[in-house]
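Worksheet: the structure to be examined is printed underneath.
The values are calculated or read from the model by the stated rules, or taken from the named source; none is laboratory data. A quick note: this is a predicted structure, and the numbers were derived from the prediction, not measured. In this analysis, Cβ positions are derived from the backbone assuming ideal geometry, glycine residues included, and neighbour counts consider all displayed protein chains. All accessible areas refer to the heavy atoms of the entire protein, side chains included, with ligands and DNA or RNA removed. Shrake-Rupley method; radii C 1.70, N 1.55, O 1.52, S 1.80 Å.
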Amino acid sequence: MIQRSAAGIERWIRPLGAGLSVDTGHPESRFVLDALRASDKVVVTHGHADHARAGHHHVIATPETLAIMEARYGSGFAQKRTALAYHEPMEMGDCTIRLVPAGHVLGSAQVVIDHAGRRVVVSGDYKRKADPTCAPFEPVPCDVFVTEATFALPVFSHPDPMGEIEKLLHSLDVFPGRCHVVGAYSLGKAQRLIALLRQAGYNKTIYLHGAQQKLAALYEDLGVPLGELAPATAGEKGRPRDDLAGEIVIAPPSALADRWSRRLPDPLIIMASGWMQIRQRAKQSGVEMPLILSDHADWADLLRTIEEVAPLEVWVTHGRESALIRALGLKGVRARALSLVGYEDDAE
Ligand SMILES: [Zn+2]
Ligand SMILES: [Zn+2]
């Protein structure tokens, strides 16, 4: 029996300063994944700012990710762009790449790279829990699986998202006079929160902070229905919005602490984030009601995913890599840290 190993793969895909870099020697198959610095040819996994940067020459991504990048950076974010639909193969010299859903945010993709009979899957950021705003994660068996490790500690166990939504709806019943202000990251989390509320039967208008209206409109344009939305902008001459008592207002986490939220009627400060499992974090940021809603895989889902894709080797990009590497070692799976810096998921 031939013992397969991942040896040799790192000759054509390896971490460089600008990101994970592919170079097989063929002039057409030289590209960087989620490049942090301006680069010539870049495959972008999803639209979050730490993965999708402006200023590359040629960007290859799903049509949704390209639309999100354009909405955030303007139409000149790259000189050349290639929209690659999920599962559609693209030949790049002696490599073939395919984008496969990652279940993280709208348009998010894993990059499947085939070269010389070997397959590497770069998952970007991903999750396995329900999200009505994007296609679910698809496990692709491979030789090397490149994974994030944002919540890679056994303590991280994300609850059922619908249970968290029920908490919010229950609070509206109990405190009908209070404005429920939810801090949610503007790309992905805010739209997922709205879609989950709709799924739970909440049909009233949901109010949005100005910074979140553009992306919500884009999601709707891209076929994700979000129901009745309205701006939570100030009334005439900055008058307080008394009409928002008992309503849901969604805002970027940074807006929760500033003057903006103080003109809302008796605001009840809520935060939707995977980090809300850490009680101390919620307390420090003055959050009255933490909702544990994460767009990343928790500990059990990381391990389950790696079992499903059954790689010869796991490479860990960023996060809490040492616990994951140790746990995989105990299961006989070879794993190593790429220690890529610059990918931060604190805002998740
Ligand atoms: Zn992300
Ligand atoms: Zn990330």
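With a cut-off of at most 14 other beta carbons within 10 Å, and DSSP calling the residue loop, which chymotrypsin sites (Phe, Trp or Tyr not before Pro) in the stretch 210-287 qualify? Please list them. Each step should come with its number before you reach the end.
Values: sites: Y219, W260, W275; in loops: none.
Filter output for the stretch 210-287: empty list.
Take the Cβ-Cβ distance between K283 and Q79 as r, set R0 to 51 Å, and report the resulting FRET efficiency rounded to the nearest 0.05.
Working: r = 47 Å, r/R0 = 0.92.
Once rounded, the FRET efficiency stands at 0.60.
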remark   = For E28 and L222, extending 7 Å from Cα along the Cα-Cβ vector and measuring point to point gives, in nm, a value of 2.9
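Sorted by accessible area with a 1.4 angstrom probe, largest first, how do M162, M92 fall?
M162, M92
Among the trypsin sites (Lys or Arg not before Pro) in the stretch 289-346, which ones are in a DSSP loop with at most 11 other Cβ atoms within 10 Å of the Cβ? Mind listing them?
K331
Antiparallel versus total DSSP beta bridges in the chain: what percent is that, nearest 5? Kindly include the intermediate steps, with their values, before the conclusion.
Values: 23 of 61 bridges.
Rounded to the nearest five, the antiparallel share is 40 percent.
So, by mean Cβ neighbours within 10 angstrom, what's the order for 32-42, 276-286 with the highest one leading?
So the order, starting with the most tightly packed, is 32-42, 276-286.
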note = To the nearest 10 degrees, the tilt of helix 321-330 (Cα long axis) against the first principal axis of the alpha carbons of the chain is 60
remark   = The base-10 log of I(q)/I(0) that the Debye equation returns for the stretch 123-234 at q = 0.22 Å⁻¹, one scatterer per C-alpha, is -1.37
remark   = All alpha-carbon distances of the chain, grouped into 20 Å bins from 0, give the whole-percent distribution 30, 54, 15, 1
key: Shape metrics for the stretch 174-320, restricted to C-alpha atoms - Rg then Dmax, Å   = 17.5, 63
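Quick one: which of K80/K129; K167/K214; K41/K331; K80/K204 span more than 32 angstrom between C-alpha atoms?
Listed pairs above 32 Å: K80/K129; K41/K331; K80/K204.
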message = Report the gain in length on full extension from A211 to A245: 0.36 nm times residue separation, minus Cα-Cα distance, nm rounded to one decimal.
response = 10.1 nm
remark   = With label points set 7 Å from each Cα along the Cα-to-Cβ direction at D50 and V155, the distance between them in nm comes to 1.9
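Please work out how much length the chain gains when fully extended from L172 to R263, using 0.36 nm per residue of separation minus the C-alpha to C-alpha distance, in nm with one decimal. All intermediate terms of the calculation are to be shown ahead of the outcome.
Values: separation 91, 0.36 × 91 = 32.76 nm, distance 1.88 nm.
Gain on extension, L172 to R263, equals 30.9 nm.
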request  = Report, in degrees rounded to the nearest 10, the 0 to 90 angle that the Cα long axis of helix 161-174 makes with the longest principal axis of the chain.
outcome  = 10
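What size of dipole, in debye to the nearest 20, comes out for the chain about its Cα centre when the only charges are +1 on Lys and Arg C-beta atoms and -1 on Asp and Glu C-beta atoms? Spell out each step's value before the answer.
On the way: 38 positive and 42 negative charges, 129 e Å.
That gives the chain a dipole magnitude of about 620 debye.
Once neighbouring chains are kept in place and the probe is 1.4 Å, which whole percent of the accessible area of the chain is contributed by carbon and sulfur?
Values: 7660 of 14550 Å².
Summing carbon and sulfur atoms, their accessible area is 53 percent of the total for the chain.
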task = With a/c under 1.5 counting as rounded, go ahead and sort the stretch 20-178 into rounded, prolate or oblate using the C-alpha gyration tensor (a ≥ b ≥ c being the square roots of the eigenvalues; past the cut-off, prolate if a/b is larger than b/c, else oblate).
result = prolate
request  = Determine the per residue accessible area of the stretch 293-341 with all protein chains present and a 1.4 angstrom probe, expressed in square angstrom.
outcome  = 43
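Report for the stretch 77-145 the percent antiparallel among DSSP-assigned beta bridges with both residues inside it, nearest 5. Please list the in-between numbers first.
On the way: 15 of 17 bridges.
Approximately 90 percent, going by the DSSP bridge assignments.
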key: Mean separation of Cα contacts under 8 Å, 6 or more apart, over the residue count of the chain: relative contact order %   = 16
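Only four residue types carry charge here, +1 at the Cβ of Lys and Arg and -1 at the Cβ of Asp and Glu. Report the dipole size of the stretch 16-162 about the Cα centre in Debye, rounded to the nearest 20.
Its charge dipole is roughly 220 debye.
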